[in-house]
Amino acid sequence: MLIVKQITDLQKIISNQKKTGLVGFVPTMGALHAGHISLIKKSKSTCSYTVCSIFVNPTQFNDPNDLLKYPKPIELDIKLLEASGCDLLFLPDVSEVYPEGSTKKRNFDFGNIDKVMEGFFRPGHFDGMAQVVDRLLDIVQPDKLFMGQKDFQQLTIVRAMLKITSRQTELVICPTLRESDGLAMSSRNVRLTKELRLQASIIYKTLTWAKRNARHKKFDALCEKAYNKLSLPFFKPEYFELVDGFTLERLNNYDDSNFIIACVACWVGEVRLIDNIIIKNEKV
Ligand code: AMP
């Protein structure tokens, strides 16, 4: 696997690869786990060249403490990527991605989808996320972009951004990989204490409970009950919502949409975890 830090070097390699095949791109913030690797594998199954980036983007951390504590096990990440068959790791410094004078954010109008849920609780987060994905897509110019359902709101916004910017890149959504007890794999899980790690599976259990009960219960009552289930000692749910999978607008009943998703964010001790489950998917 090639490791490239400079944009000019990367672009030479990619334009060569694009002459003969498809380039797949998996952007990450490192601290890789099997969930990330599943995206690499998916890219390798349909593209002839797979690029992964590791870049802990400072502009999407609304909490400086979160940025400081974000795990950065780069040697391990490189080993995992090599074993996965990834072709190239793009590992830029902050100054390479945001050279002086280029930090100005492009202002996208996403309407409602970046204001609710994560957008409400992490102000500025999606501005930073959209800025870095837009910048990375400018740099890499991939044919396909692989992202996880785990960050459902993020990929909804990226889908909107691809449309606004009229990019040709195809967004490929990959399923959430989970630990054996259902906890969604996340780079943040290593920061959980042993006790709280054991209890954290309540998040997935609550999502599956909501899915089982969604057809027959009013959604506000369902969400309130889910919220209560999550309110264990040292757990602090921020939201539990059932929304339309495209507009992310809150729904009242199972019949209100053909595409319904339950999204949750919950503090577990000092670690903030997010997860979601598709409740109904009859997209036309
Ligand atoms: P991150 O490094 O957390 O920014 O994530 C990089 C990419 O990996 C994003 O597209 C995430 O949605 C995806 N991802 C994170 N966790 C998982 C998981 N458990 N299963 C599948 N994809 C994931």
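The values are calculated or read from the model by the stated rules, or taken from the named source; none is laboratory data. From a predicted model like this one, the values you see are computed outputs, not experimental measurements. Note that we place each Cβ from the backbone using ideal geometry, even for glycine, and neighbour counts take in every protein chain shown.
Values computed for the structure shown
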| item | result |
| --- | --- |
| Failed item, numbered, when Pro142 is tested on (1) of a type outside the set (Asp, Glu); (2) touching a strand residue (DSSP E or B) at 6+ places or on another chain (Cβ under 6 Å); (3) farther than 18 Å from Cys266 by Cα; (4) free of Cβ contacts under 8 Å to residues at least 40 places away in the same chain | (4) |
| Candidates Lys217, Lys229, Lys236, filtered to the one that is assigned to a helix (DSSP H, G or I) and either more than 30 Å from Gly24 (Cα to Cα) or outside the structural domain of Val116 (by TED's automatic domain parsing) (or both) | Lys229 |
| Some residue of region 14-32 being assigned to a helix (DSSP H, G or I), within 15 Å of the ligand (Cβ to nearest atom) and within 19 Å of the chain's Cα centre (by Cα) | no |
| Any hit, region 130-147, residues being of a type in the set (Lys, Arg), assigned by TED's automatic domain parsing to the domain that holds Cys47 and surrounded by 15 or more Cβ atoms within 10 Å (Cβ to Cβ) | yes |
| Residue identified as away from the ligand (no atom under 15 Å from the Cβ) and either surrounded by fewer than 21 Cβ atoms within 10 Å (Cβ to Cβ) or under 20 Å from Val243 (Cα atoms) (or both) among Tyr70, Tyr98 | Tyr98 |
| Residue in region 170-180 that is of a type in the set (S, T, N, Q) and on the phi > 0 side of the Ramachandran plot present | no |
| Failed item, numbered, when Ile139 is tested on (1) assigned to a helix (DSSP H, G or I); (2) within 14 Å of the ligand (Cβ to nearest atom) | (2) |
| Thr50, sole failed condition from (1) farther than 21 Å from Asn189 by Cβ; (2) in contact (Cβ under 8 Å) with a residue 40 or more places away in the chain; (3) among the polar types (S, T, N, Q) | (2) |
